[in-house]
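Heads up: the structure comes next, in structure tokens.
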Amino acid sequence: MGTTQVAQPRTGAEDDQLCINTIRTLSIDAVQQAKSGHPGTPMALAPLVYTIWNRVMRFDPQDPIWPNRDRFVLSNGHASMLLWSVLHLTKTQAVDADYERVGQPSVTLDDIRRFRQLASKAPGHPEYHWVSGVETTTGPLGQGVATSVGMAIAQKWLATRYNRPGFEIFDYNIYAVCGDGCMMEGIASEAASLAAHLGLDNLCWVYDNNHITIEGHTRIAFTEDIATRFLGYGWNVLRVGDANDIDRIEDAVKVFRKTKGRPTFIILDSHIGYGSPHKQDTPEAHGEPLGEEEIRLTKRSYGWPEDAKFLVPGGVYEHFAAGVGARGAKSRREWTELFDTYRGTFPELAAEIDQMQRRELPAGWDRNLPNFPTDMKGIAGREASGKVLNVLAQNIPWFLGGSADLGPSTKTLLTFEGAGDFQANTPGGKNLHYGIREHAMGAIVNGLSLSKLRAFGATFFIFSDYVRPALRLSALMELPTIFVFTHDAMGDGEDGPTHQPIEQLASLRAIPGLVTLRPADANEVVEAYRSIMQLRHKPAVLALSRQPLPTLDRNKYASASGVAHGAYVLADAPGGNPEVILIATGSEVSLAVNAHEALLAEGIRSRVVSMPSWDIFDHQTEEYRDSVLPPNVKARVAVEQASTFGWERYVGTSGQVIGMKTFGASAPLKELQRKFGFEPERVVAAAKELLGRG
Ligand SMILES: Cc1ncc(C[n+]2csc(CCOP(=O)(O)OP(=O)(O)O)c2C)c(N)n1
Ligand SMILES: [Mg+2]
């Protein structure tokens, strides 16, 4: 096709080619303009993305959050220009955080011209919550494909609960595109293994087999037989030998749609930087602008006007409108009619779907939450949590979750009648078994949440390190996910320092938007859940004890409902007006209470502040914060079985922190408490020292 043919009448195949080359050249021009970005992969994968979007996907650009849409995940997020191009060319509409359409396009041509610039809706990588039509944030390689497994689990679960004969309310598929990087990352292996185990035949990954990564040819670091690997997992493995052959790509996708009982993996042989005479098949094509001269040569090879920039030739928008636009509109219209009838026949189920889509909770979601009586022997945080989870999962139909093979220890098993296990042949179960795959668990919880289910994942607190990259994305995406991390300190003493979290609290507290809570007793656990369940746009972490914690006497001390403020005055000097403040979290709160009683007995006016969540407390009014921590009271002691890092912000420069400055040790808990100073006497001594009464 020569340059002059661009405006000529075309056959269908020429339309296809024109659209594909539009994606390619928009990508090339945007990267060149930004002087940064990744042109090569969009150039290679434009035919794939075009085929999936324009020939296959049921996606209505008019409503990018229609619940039964097919999902598209760009796991090799550096190729974001693929997504910005198709979202623009399909005229996908923007929606806001309240799930309303806002009457503007999601990505304008101007956004593409301003690729990677502040406020552009074409940022460096796909950002969920920033650009409508992005199904999940990708960029850290491997996260996208792993998240897609969560989306596939969600589709199966939704179909099982809500579909009825003649009412296929949920029958969508999930497509994920990935490259060598994603395939090398461990998280992808974890997720692929579980996807096959669960027989997720609604899931299709397309692997861009281009033999190139940043440092060069994959022969330097990645030489496995990937087809055999995926066959070993139990996937249906297909190969398309030419990334430009859109009919073969479409055929492969058709095979995917007919394949039952296992997910499909399509190996697509491609040439990075396709069409660039000097950069094709080189690592330079991965992450550098082509350069003006090479762009001219490349456009010439596509038969494109060499000097045109950001060109969308006549007919391209129309061709997308006739493809994905028409198909998506029809699918959504038919679905909406079906759903209207469904609403008449199954009003309660329909109401659940509506509420779920808006991330609302059903009426009565917190009925029967336990209220724990005073008990000095007490109950472990994990035990209390298990009771709460079992109530919530009965009250909220779409609340589900599981653990990375630690259910009996994290107490996260849902044991009520009918809870069931999620397995290939029982896809309505509410107990997920992630296996010993914490990283994939994190991404899967994100995928479930992106599908509007209310999901939790669980493991030991120390292994939150293995979940953290996905947890960070949860916060970045503003997803209301829940992570239950038990064995939150040295409570499993004998397991030793490998199992004793030290820096995990500080590190999670440092994630913007993540709500981290470390409750002090069983009633604080209940209140912690009550708070986090009402979050719609924030993830939450619960750090829970392994060992029993005394259930505090709430007639003597303040109500646990103070948890909702992040920190509250639990015990005070008679009449208030304290001279020293003891601040503690979790298992150290009862320790602080004991120290407080000892101080009172000696006539020292102390106050105990239970501070389960820094983040929530920091968001309270200044007035409230000052009422809990009066600025004039400088004598402050913080006690927490974790790194002391960061506590200065609450105890000030003249305060003391009793915490961990080293790793722990292997010994019974009592001995560890003595060795590391977590005893009331030590707290009392610190308080007196600060008051000059040592
Ligand atoms: C977890 C993670 N590590 C490293 C990077 C940096 N990075 C971005 S792309 C890339 C190379 C990816 O190679 P491949 O997936 O084959 O992409 P291609 O160049 O073929 O498109 C790397 C190392 C990243 N984004 N995420
Ligand atoms: Mg590659």
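The values are calculated or read from the model by the stated rules, or taken from the named source; none is laboratory data. Computed from a prediction, not measured in an experiment: that's the story for all the values here. Here the Cβ positions follow ideal geometry from the backbone for every residue, glycine too, while neighbour counts run over all protein chains shown. When the accessible area is computed, the model is the full protein with side chains, heavy atoms only, and any ligands, DNA or RNA have been set aside. Shrake-Rupley method; radii C 1.70, N 1.55, O 1.52, S 1.80 Å.
There is at least one residue in segment 33-54 that is in contact with a His (Cβ under 9 Å, 6 or more places away or on another chain), at pLDDT 95 or above, in a helix (DSSP H, G or I) and away from ligand 1 (no atom under 16 Å from the Cβ).
The single condition among (1) under 20 Å from Ile65 (Cβ atoms); (2) part of a loop (DSSP other than H, G, I, E, B); (3) in contact with a strand residue (DSSP E or B) (Cβ under 8 Å, 6 or more places away or on another chain); (4) of a type outside the set (Val, Ile, Thr) that Glu360 does not satisfy is (3).
Among the residues of segment 509-543, those identified as charged (D, E, K, R), open to solvent by 10 Å² or more (accessible area, probe 1.4 Å) and outside any loop (DSSP other than H, G, I, E, B) are Arg509, Glu527, Arg530.
Can you pull out the residues in segment 321-347 that are of a type in the set (A, V, I, L, M) and touching a residue at least 60 places away in the same chain (Cβ under 8 Å)?
Listed by number, the residues that qualify are Ala321, Val324, Ala329, Leu338.
With respect to the stated conditions, Glu360 is open to solvent by 60 Å² or more (accessible area, probe 1.4 Å), modelled with pLDDT of 95 or more and within 29 Å of the chain's Cα centre (by Cα).
Would you confirm whether or not segment 420-430 contains a residue that is open to solvent by less than 10 Å² (accessible area, probe 1.4 Å) and either within 30 Å of Leu552 (Cα to Cα) or modelled with pLDDT of 95 or more (or both)?
Yes, segment 420-430 contains a residue that is open to solvent by less than 10 Å² (accessible area, probe 1.4 Å) and either within 30 Å of Leu552 (Cα to Cα) or modelled with pLDDT of 95 or more (or both).
Taking the conditions (1) open to solvent by less than 40 Å² (accessible area, probe 1.4 Å); (2) in a helix (DSSP H, G or I) in turn, Ala308 satisfies each one other than (2). Among the conditions (1) open to solvent by 40 Å² or more (accessible area, probe 1.4 Å); (2) part of a strand (DSSP E or B), Gly261 misses just one, which is (2). Going residue by residue through segment 66-89, is there one that turns out to be at pLDDT 95 or above, open to solvent by 30 Å² or more (accessible area, probe 1.4 Å), touching a helix residue (DSSP H, G or I) at 6+ places or on another chain (Cβ under 7 Å) and away from ligand 2 (no atom under 16 Å from the Cβ)? No, segment 66-89 contains no residue that is at pLDDT 95 or above, open to solvent by 30 Å² or more (accessible area, probe 1.4 Å), touching a helix residue (DSSP H, G or I) at 6+ places or on another chain (Cβ under 7 Å) and away from ligand 2 (no atom under 16 Å from the Cβ).
If the condition is being outside any helix (DSSP H, G or I), open to solvent by less than 30 Å² (accessible area, probe 1.4 Å) and out of contact with any Asp or Glu (no Cβ under 9 Å at 6 or more places or on another chain), then segment 393-413 contributes Ile396, Phe399, Leu400, Gly401, Ser403, Thr412. Going through Asp225, Asp251 one at a time, which residue ends up being away from ligand 1 (no atom under 13 Å from the Cβ), more than 18 Å from Ala176 (Cα to Cα) and more than 28 Å from the chain's Cα centre (by Cα)? After applying the criteria, what remains is Asp225.
Residue count for segment 192-220 satisfying the condition of being more than 8 Å from ligand 1 (Cβ to nearest atom), in contact with a Ser or Thr (Cβ under 8 Å, 6 or more places away or on another chain) and open to solvent by less than 10 Å² (accessible area, probe 1.4 Å): 3.
Out of the residues in segment 229-248 that are within 30 Å of the chain's Cα centre (by Cα) and open to solvent by 10 Å² or more (accessible area, probe 1.4 Å), which is farthest from ligand 2 (Cβ to nearest atom)?
It comes out as Gly234.
Against the conditions (1) open to solvent by less than 30 Å² (accessible area, probe 1.4 Å); (2) under 23 Å from Gln357 (Cβ atoms), Thr51 satisfies every one except (2). Go through (1) under 22 Å from Gly493 (Cα atoms); (2) at pLDDT 95 or above; (3) open to solvent by 30 Å² or more (accessible area, probe 1.4 Å) and name the single condition Arg674 misses. For Arg674, the failing item is (2). Counting the residues of segment 264-305 that are of a type in the set (Gly, Ala, Ser), under 32 Å from the mean Cα position of the chain (by Cα) and surrounded by fewer than 21 Cβ atoms within 10 Å (Cβ to Cβ) gives 1.
Counting only residues that are away from ligand 1 (no atom under 14 Å from the Cβ) and outside any loop (DSSP other than H, G, I, E, B), which one in segment 271-293 is farthest from Ser27 (Cα to Cα)? Taking the candidates together, the pick is Glu293. The residue list Phe483, Phe456, Phe422, Phe461 contains one member that is in contact (Cβ under 8 Å) with a residue 60 or more places away in the chain and more than 27 Å from Leu349 (Cβ to Cβ), which is Phe461. Close Cβ contacts (under 8 Å, 6 or more residues apart or on different chains) running from residues in segment 135-148 that are within 11 Å of ligand 1 (Cβ to nearest atom) to residues that are among the acidic types (Asp, Glu) comprise Leu141/Glu185; Gly142/Glu185.
Which residue is farthest from Asp111 (Cα to Cα), if the candidates are limited to segment 311-325 and must be open to solvent by less than 50 Å² (accessible area, probe 1.4 Å) and not β-branched (Val, Ile, Thr)? Taking the candidates together, the pick is Gly323.
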